[in-house]
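Below: the structure, in structure tokens.
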Amino acid sequence: MELKNDLLLRAANGEKVERTPVWLMRQAGRILPEYREVRSKMGGFIELVKSPEFACEVTIQPVDILGVDAAIIFSDILVIPEAMGLPYQMVESKGPWFENTVKNVHDIENLRVADPKEDLNYVLEAIRLTKKELNGRVPLLGFAGAPWTIFSYMIEGHGSKTFSKAKKFFYTQPQAAHQLLEKITLSTINYLKAQILAGADLVQIFDSWAGILSPDQYREFSLPYISKICDAITEVPVTVFAKGAYFVREDLGKLNCRTIGLDWNMDVRESRNLIGAEKTLQGNLDPCILYADYKTIEKETKKMLASFGPSKHIANLGHGVYPDIDPDKVKCFINTVKEYRF
Ligand code: CP3
């Protein structure tokens with residue numbers, strides 16, 4: 001299927017674009033009242049994720065309502081631990097919670113490498129349906145968590161400020177840590193390849209807890225596994241978003257991927273110098289700027305666009321949009337990008 005709007009793919013590939021493409025991390029779900037309406041009809045978040053028809057509906061909502069240049073499939077990074085044998089729950093206003101966690105080598109041996117056709121067919125079905133419904137309007141993005149971020153949930157069992165339990169595992173059971181990271185990596189490669197086969201036009205790897213690690217820890221426990229995934233995915237462009245990983249930007253620049261996501265702590269010019277001229281950059285407006293008045297949002301968005309320049313940039317926030325941001329403010333951000341010309 002030919003895409004009618006392929007700006008994002010062309011930008012990812014470093015090609016010339018008429019204007020900068022724009023989408024938002026966490027655009028599906030967090031902010032739209034239309035999402036809450038669909039969700040309230042379902043039992044809960046996980047039921048929604050596992051219902052391809054409804055997942056498809058909420059994936060397309062931001063394309064219709066906000067006018068973004070890409071859809072991202074409605075799912076979660078935590079479907080991987082579940083597919084490997086650790087089911088999760090989403091506790092209202094608290095977040096993810098795992099009944100069982102990984103404590104030792106024995107627990108790791110009991111986990112399986114995810115077989116997407118078997119364990120994650122609901123996501124693949126949602127992708128197939130969404131591709132059909134989108135009918136080529138915009139590209140569809142697939143995604144997965146980076147192995148370190150998934151590992152940290154599998155050890156901790158929930159979110160954490162420090163992830164010290166997960167890091168403790170490095171020092172008390174280093175071999176087991178690598179064994180688990182390897183198993184997650186293989187599952188993730190299978191999963192992303194299946195998403196691509198189902199129709200994903202680009203895939204993004206979210207390393208949400210990258211910033212918790214030191215540079216050496218990052219180079220030992222995160223980067224090699226992301227690198228392995230990037231090397232394995234040759235079918236579509238890959239984006240790596242390592243939140244808070246300002247300290248390894250040169251290393252990120254050497255990954256076999258097309259796009260590097262920047263958070264708002266990362267200076268654009270400095271990032272470009274460290275990452276190099278070749279890659280596309282994605283980001284990086286502070287999501288909190290969307291709490292400001294319209295004039296400020298326009299001014300800050302234009303400043304951001306100017307700092308990245310006319311090519312090799314995909315406009316986005318520096319992290320997911322916050323749940324209490326007014327959709328009209330989000331539209332202001334999107335329209336400012338779409339109207340901007342260099
Ligand atoms: O980007 C999108 O809109 C697509 C869907 C998507 C969700 N989660 C849906 C979701 C994506 C890409 C994710 C990724 C995700 N999930 C990450 C990485 C991105 C990031 O923000 O750093 C992480 C760390 C998670 C784990 C997770 N899932 C947490 C911590 C929570 C609870 C708090 C929160 O973020 O809302 C979730 C739940 C979740 N995932 C919701 C949605 C729409 C809210 C569920 C609800 O409706 O109650």
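The values are calculated or read from the model by the stated rules, or taken from the named source; none is laboratory data. Model, not experiment: these values are computed from the prediction. Here the Cβ positions follow ideal geometry from the backbone for every residue, glycine too, while neighbour counts run over all protein chains shown. Just so you know, the surface numbers come from the protein's heavy atoms only, side chains and all, with ligands and any DNA or RNA stripped out. Shrake-Rupley method; radii C 1.70, N 1.55, O 1.52, S 1.80 Å.
Odds and ends about this structure:
- From the options L129, L186, L197, L202, residue that is within 22 Å of the chain's Cα centre (by Cα) and either among the aromatic types (F, W, Y) or open to solvent by less than 10 Å² (accessible area, probe 1.4 Å) (or both): L202
- Qualifying residue in the range 209-222 (condition: open to solvent by 20 Å² or more (accessible area, probe 1.4 Å), in contact with a Lys or Arg (Cβ under 6 Å, 6 or more places away or on another chain) and in contact (Cβ under 8 Å) with a residue 24 or more places away in the chain): yes
- Those residues of the range 87-102 which are closer than 15 Å to S152 by Cβ and either in a strand (DSSP E or B) or near the ligand (Cβ under 9 Å from one of its atoms) (or both), in sequence order: Y88, G95, P96, W97, F98
- Residue in the range 9-23 that is surrounded by 15 or more Cβ atoms within 10 Å (Cβ to Cβ), free of Cβ contacts under 8 Å to residues at least 12 places away in the same chain and under 30 Å from L281 (Cβ atoms) present: yes
Here is a yes/no grid of residues against (1) surrounded by fewer than 22 Cβ atoms within 10 Å (Cβ to Cβ); (2) in contact with a Leu (Cβ under 9 Å, 6 or more places away or on another chain); (3) within 23 Å of T172 (Cβ to Cβ); (4) among the polar types (S, T, N, Q):
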| site | (1), (2), (3), (4) |
| --- | --- |
| I77 | yes, no, no, no |
| P81 | no, yes, yes, no |
| E92 | yes, no, no, no |
| K103 | yes, no, yes, no |
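- Scanning the range 205-222 for residues being of a type in the set (S, T, N, Q) and under 19 Å from the mean Cα position of the chain (by Cα) gives a total of 2.
- Cβ separations smaller than 9 Å between residues 6+ apart or across chains give the following pairs from the range 313-330 residues that are hydroxyl-bearing (S, T, Y) to residues that are buried (at least 24 other Cβ atoms within 10 Å of the Cβ): Y322/I31; Y322/L290.
- Complete set of residues in the range 178-217 that are over 24 Å from I73 (Cα atoms) and within 16 Å of the ligand (Cβ to nearest atom): G211, I212, L213
- Scan the range 138-177 for residues that are more than 16 Å from the ligand (Cβ to nearest atom) and either among the polar types (S, T, N, Q) or buried (at least 16 other Cβ atoms within 10 Å of the Cβ) (or both) and the total you get is 9.
- Top-ranked residue of the range 298-314 - restricted to ones that are touching a helix residue (DSSP H, G or I) at 6+ places or on another chain (Cβ under 7 Å) and farther than 18 Å from D69 by Cβ, ranked as surrounded by the fewest Cβ atoms within 10 Å (Cβ to Cβ): S307
- All positions within the range 272-284 that are assigned to a strand (DSSP E or B) and open to solvent by 10 Å² or more (accessible area, probe 1.4 Å): N284
- Search result, residues across the range 315-339 that are assigned to a strand (DSSP E or B) and either within 14 Å of the ligand (Cβ to nearest atom) or surrounded by fewer than 23 Cβ atoms within 10 Å (Cβ to Cβ) (or both): N316, L317
- Cβ separations smaller than 9 Å between residues 6+ apart or across chains give the following pairs from the range 192-204 residues that are polar (S, T, N, Q) to residues that are in a helix (DSSP H, G or I): Q195/P116; Q195/V123; Q195/L124; Q195/I127.
- Residue within the range 109-118 that is crowded, with 22+ Cβ neighbours inside 10 Å, at negative phi and near the ligand (Cβ under 10 Å from one of its atoms) present: no
A quick yes/no check of all residues on (1) farther than 30 Å from L3 by Cα; (2) open to solvent by 50 Å² or more (accessible area, probe 1.4 Å):
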residue: L32; (1), (2): no, no
residue: E57; (1), (2): no, yes
residue: G67; (1), (2): no, no
residue: G85; (1), (2): yes, no
residue: Q89; (1), (2): yes, yes
residue: G95; (1), (2): yes, no
residue: N100; (1), (2): yes, yes
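- Meets criteria (of a type in the set (D, E, K, R), without any contact (Cβ under 8 Å) to a residue 40 or more places away in the chain and within 16 Å of the ligand (Cβ to nearest atom)) for D286: yes
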